[in-house]
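Written below as structure tokens is the structure these notes are about.
Just so you know, all these numbers are worked out from the coordinates, no wet-lab data involved. None of these values were measured; they are calculated from a predicted model. Here the Cβ positions follow ideal geometry from the backbone for every residue, glycine too, while neighbour counts run over all protein chains shown.
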Amino acid sequence: MGAHLDDIELAASGTAARLVNAGAQVRFLVMSTSEYTSYNGSHFCDADVAVAEGREAAATLGVKEIDILRFPAKDVENHSAVVESINEVVDDFRATMVFTHWPFNTHRSHANTGLATIAASRYDNSVVMYEPIVPSGRSYVGFRPQLYISIEQKLQALRQHKSEYEKYGEHLDRRRRGPIALPRL
Ligand SMILES: [Zn+2]
């Protein structure tokens, strides 16, 4: 599950590619067509572009099934319509393992997608959470990753998101940013 086209690739596509390569059936569910404009109009991503890039990225990973819903990119909510949309896919796919956003991510659509996935997957055995280091930034609750899988296919998938590279530059495929400087008091 991802709120936007690029979230899964940024945070869990090494895992997705490894599962596909091992013969597992992997399906992506994305909550929005991911069009985006900053408050000052500085960054615009067209829905058609984001969808095309997302489909290319999934194909690069060997993921054949990708569902893209139409909740608003900046305002995916943790409400019943979102929970039931996820529920429908989880039930249809008979998922044994579900990957989703960590609910303390600073982007409300990421956090709410995480919470809605937990609600929708309440009868499933495994819900695993992911958190990209870039571009999420800091949070008031620290994420403690327990598994890293980074393989070349992940970088190839990320490079399909050309419009995101325009926004974030090479930060997008760095595993870590440098240490964050604390202000002097
Ligand atoms: Zn996102």
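Here the chain carries DSSP beta bridges of which approximately 15% are antiparallel, counting only pairs with both residues inside. Dipole magnitude for the range 7-173: about 440 debye, using +1 per Lys or Arg Cβ and -1 per Asp or Glu Cβ, origin at the Cα centre.
Simple spin-label model, 7 Å along Cα-to-Cβ: THR37 to GLN146 in nm? Result for the modelled spin labels: 4.3 nm. Couplings 3J(HN,Hα) of the range 147-161, computed from phi: 8, 10, 10, 10, 10, 3, 4, 5, 5, 4, 5, 4, 5, 6, 8 Hz, in residue order, whole Hz [Karplus 6.51 cos²θ - 1.76 cosθ + 1.60, θ = phi - 60°; x for Gly and Pro]. For the chain, the longest piece that avoids every one of the trypsin sites (Lys or Arg not before Pro) found in DSSP loops with at most 11 other C-beta atoms within 10 Å covers 1-69.
Extending 7 Å from Cα along the Cβ direction at ALA59 and again at MET97 yields two label points whose distance is 2.7 nm.
When the convex hull of its Cα atoms is viewed from all sides, the range 7-173 shows a mean projected area of 9.4 nm². Given LEU10, VAL51, PHE93, which one lies farthest toward the positive end of the charge dipole of the range 7-173, if we put +1 on the Cβ of every Lys and Arg and -1 on the Cβ of every Asp and Glu? The Cα lying farthest towards the positive end belongs to LEU10. Sorting 141-149, 95-103, 40-48 by their mean Cβ neighbour count within 10 Å, with the most densely packed peptide first, gives 95-103, 40-48, 141-149. One decimal place: the segment THR106-PHE44 gains 20.3 nm when fully extended, by the rule 0.36 nm per residue minus the C-alpha distance.
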